[in-house]
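Quick notes on the structure that follows.
The values are calculated or read from the model by the stated rules, or taken from the named source; none is laboratory data. From a predicted model like this one, the values you see are computed outputs, not experimental measurements. Because the Cβ atoms are built from the backbone with ideal geometry, glycine has one as well, and the counts that use them run over all protein chains shown.
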Amino acid sequence: MRLNKKKVSFLISGKGSNLYKILVNNFKNEKFFVASIISNNLISDEIKKIVKRNEYKINLIERVTNLKSYYFKGTDIIFSVGYMKVINSKLIDKYTILNLHPSILPKYKGLMTQKRMLINNEKEFGFTIHKVSKDLDSGDIISQKRKKISNFNELKILKAHKELEHQFVYKKLIDYLY
């Protein structure tokens, strides 16, 4: 067990399937502490159950319209995994914030990345973990994972993309932390 484990807070907007996979892996391996899970929507019952089942003291904060510094008290790193809002510059200046972006940056910043990849007949898809900067999806790239597009059906690409993220995001986070 590491004595100097990092404290990570997570930002989500949707169901949180990537966060769920991260939590499952981390509860087995305990590579870092989870300080907070913050969402601008409701946090899924699936995530609430895994937190409760493992009896961890994690701040669950829902329906947040404006991120405040005190939500992140004691946090070493903030990881945005599917958070669909712009993060304010005060937080960007104060914390190391990572973002999971669903494309190979610097291409396809912003939303609807798979649709734009298909329109442009890209040969591969993937994700990028990058540091959050004041410019949208423009921070230093930490890690990327890519895979060849074998079927140009948008729903199949979305499914394959989620599977790729679920398979590698936890490992990429741990690689960054240590």
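Structure data summary
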item: Odd one out for residue 171 among (1) touching a Leu at 6+ places or on another chain (Cβ under 9 Å); (2) under 22 Å from residue 14 (Cα atoms); (3) of a type in the set (D, E, K, R); (4) surrounded by fewer than 17 Cβ atoms within 10 Å (Cβ to Cβ); result: (1)
item: Selection status of residue 103, in contact with a strand residue (DSSP E or B) (Cβ under 8 Å, 6 or more places away or on another chain), among the polar types (S, T, N, Q) and either free of Cβ contacts under 8 Å to residues at least 12 places away in the same chain or within 19 Å of residue 18 (Cβ to Cβ) (or both); result: yes
item: Pair list, Cβ under 7 Å, 6 or more apart: region 137-150 residue among the hydrophobic types (A, V, I, L, M, F, W, C), other residue assigned to a strand (DSSP E or B); result: 141/128; 141/130; 142/98; 142/129; 142/130; 142/131; 149/124; 149/125
item: Residue 75 being under 25 Å from residue 26 (Cα atoms), in contact with a His (Cβ under 7 Å, 6 or more places away or on another chain) and surrounded by 14 or more Cβ atoms within 10 Å (Cβ to Cβ); result: no
item: Unmet requirement for residue 20, which otherwise passes all of (1) touching an Asp or Glu at 6+ places or on another chain (Cβ under 7 Å); (2) in contact (Cβ under 8 Å) with a residue 40 or more places away in the chain; result: (2)
item: Scope region 119-133; condition under 13 Å from residue 172 (Cα atoms), polar (S, T, N, Q) and in contact with a helix residue (DSSP H, G or I) (Cβ under 9 Å, 6 or more places away or on another chain); matching residues; result: none
item: Answer from 37, 50, 43 - the residue that is farther than 25 Å from residue 175 by Cβ, of a type in the set (Val, Ile, Thr) and either in contact with a helix residue (DSSP H, G or I) (Cβ under 6 Å, 6 or more places away or on another chain) or modelled with pLDDT of 95 or more (or both); result: 43
item: Among (1) in a loop (DSSP other than H, G, I, E, B); (2) within 22 Å of residue 34 (Cα to Cα), the one test that residue 169 misses; result: (1)
item: Options 71, 108, 83; residue that is in contact with a Ser or Thr (Cβ under 8 Å, 6 or more places away or on another chain) and either part of a strand (DSSP E or B) or under 22 Å from residue 162 (Cα atoms) (or both); result: 83
item: Residue 20 vs. criteria out of contact with any helix residue (DSSP H, G or I) (no Cβ under 7 Å at 6 or more places or on another chain) and surrounded by 14 or more Cβ atoms within 10 Å (Cβ to Cβ); result: no
